[in-house]
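One structure is given here, and the rest of the page talks about it.
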Amino acid sequence: MIKKVGVVGLGTMGRSIACCLLSCGHEVIAVENNPEKRTQAKQEIIELVQQLIAQQFIIEPAQIVIGRLKISDNVNELKGLECILETITEDIYAKKELFNLLEEVLSHTAIIGSNTSAIPISLLQAEMKNPERLIGIHWGEPAHISRFMEVILGDQSSIVFAEIILAHATKWGKEPVLVRKDINGFIANRLMYALFREAMYLVDNGYATIKDIDRACNNDIGLWMGFAGPFRYMDLTGIAAYAKVMQHLWPDLSKESKIPKTFQEIFDNVNNKDRSTATFYSYREKEKLEWERNFLDYSTDIKKLTDKYKLKISQDE
């Protein structure tokens, strides 16, 4: 088992990934160039670890868990490590530049995992000295709680390195899926964005409001998706009926390739023109932060519920 793991980038995902690794017994060397982020990251990781202890996901004292963390601004600190997880900005050029630096520091057998949600791994492998060691590792949010993980093979990736990550992922509390052929968006994002496109189509064409579409998802897809994926769900509800629906419904689904009208209008109407502040709903002061906190609590409850039924099903088998 790999004992020491490097994490490059301590934004929201990097901090959560570091917490996950620490909670599973790894020593973590985290590299972050931004001094303000380094300070914020340490405090937030401590808070995340304390939450996991309070929720009884960790039985070790917090100081022992946090004692396994080292934060630096120097990639040379990663020398000798056999697994590095990159979680910097979603920019192909920034990632490539980082990989060039890492290849100067790491052994040729060290695994580099890129936490990208959409950039094809094959593009990131271009110009690498040892492209076979680069594996896509797409974590779900929040990374220290979510069971989700996609392990993606680029055109030049070695399955040997992917299998090492898959074996470790189960120890990290994940149920990893292997994306065997590189494809834009991988698995989860392709499915999710198909849903987003249809939702926007229904809003743009006046079939339903944003609130009603959210409510429909909460009470239908959201009810079963954590228990069974689409194929299992069709099994449980009888696949015979789906063929007729597909035949009549699929030709009518949105095939739009442009940014939806409602989506664009939200961007255009942002007062300060900072797109990062755009939202579908209006929020009172601190209300959005409350939603984010509730989402973390909800994710924790879902993990407990999912663990319960996974255990029950395995016992039945």
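The values are calculated or read from the model by the stated rules, or taken from the named source; none is laboratory data. Because the structure is predicted, anything quoted here is derived from the model rather than measured. Here Cβ is always computed from backbone atoms with ideal geometry, including for glycine, and neighbour counts include all displayed protein chains. The area values use the complete protein model at the heavy-atom level, side chains included, leaving out ligands, DNA and RNA. Shrake-Rupley method; radii C 1.70, N 1.55, O 1.52, S 1.80 Å.
With a requirement of 3 or more residues that are surrounded by 10 or more Cβ atoms within 10 Å (Cβ to Cβ) and modelled with pLDDT under 90, the helices (runs of 4 or more DSSP H) lying completely within the range 230-317 that satisfy it span 261-268, 287-316.
Do the conditions hold for Thr89, that is, is it modelled with pLDDT under 95 and surrounded by 13 or more Cβ atoms within 10 Å (Cβ to Cβ)? For Thr89, the condition - modelled with pLDDT under 95 and surrounded by 13 or more Cβ atoms within 10 Å (Cβ to Cβ) - is not met. When the range 1-52 is limited to residues that are of a type in the set (Ser, Thr, Tyr) and in contact (Cβ under 8 Å) with a residue 12 or more places away in the chain, the one that is farthest from Glu163 (Cα to Cα) turns out to be Thr12.
Is it the case that Ile64 is closer than 23 Å to Asp307 by Cα, open to solvent by 50 Å² or more (accessible area, probe 1.4 Å) and of a type in the set (Val, Ile, Thr)? When the stated conditions are applied, Ile64 does not pass them. Checking Val65 against (1) under 23 Å from His138 (Cα atoms); (2) in contact with a Cys (Cβ under 9 Å, 6 or more places away or on another chain): exactly one of these is not met. Which one? Every listed condition holds for Val65 apart from (1).
When the range 162-177 is limited to residues that are open to solvent by 40 Å² or more (accessible area, probe 1.4 Å) and not in a helix (DSSP H, G or I), the one that is farthest from Ile302 (Cα to Cα) turns out to be Val177. If you filter the range 82-113 down to residues that are assigned to a strand (DSSP E or B) and either in contact with a helix residue (DSSP H, G or I) (Cβ under 6 Å, 6 or more places away or on another chain) or in contact (Cβ under 8 Å) with a residue 60 or more places away in the chain (or both), you find that the one that is nearest to Cys20 (Cα to Cα) is Leu85. For the range 1-19, filtering for residues that are over 14 Å from Leu296 (Cα atoms) and surrounded by fewer than 22 Cβ atoms within 10 Å (Cβ to Cβ) leaves 5.
For the range 184-206, the count of residues that are within 29 Å of Lys304 (Cβ to Cβ), assigned to a helix (DSSP H, G or I), in contact (Cβ under 8 Å) with a residue 12 or more places away in the chain and basic (Lys, Arg) is zero. Does Ile58 satisfy the criteria of being buried (at least 18 other Cβ atoms within 10 Å of the Cβ) and modelled with pLDDT under 95? Criteria met by Ile58.
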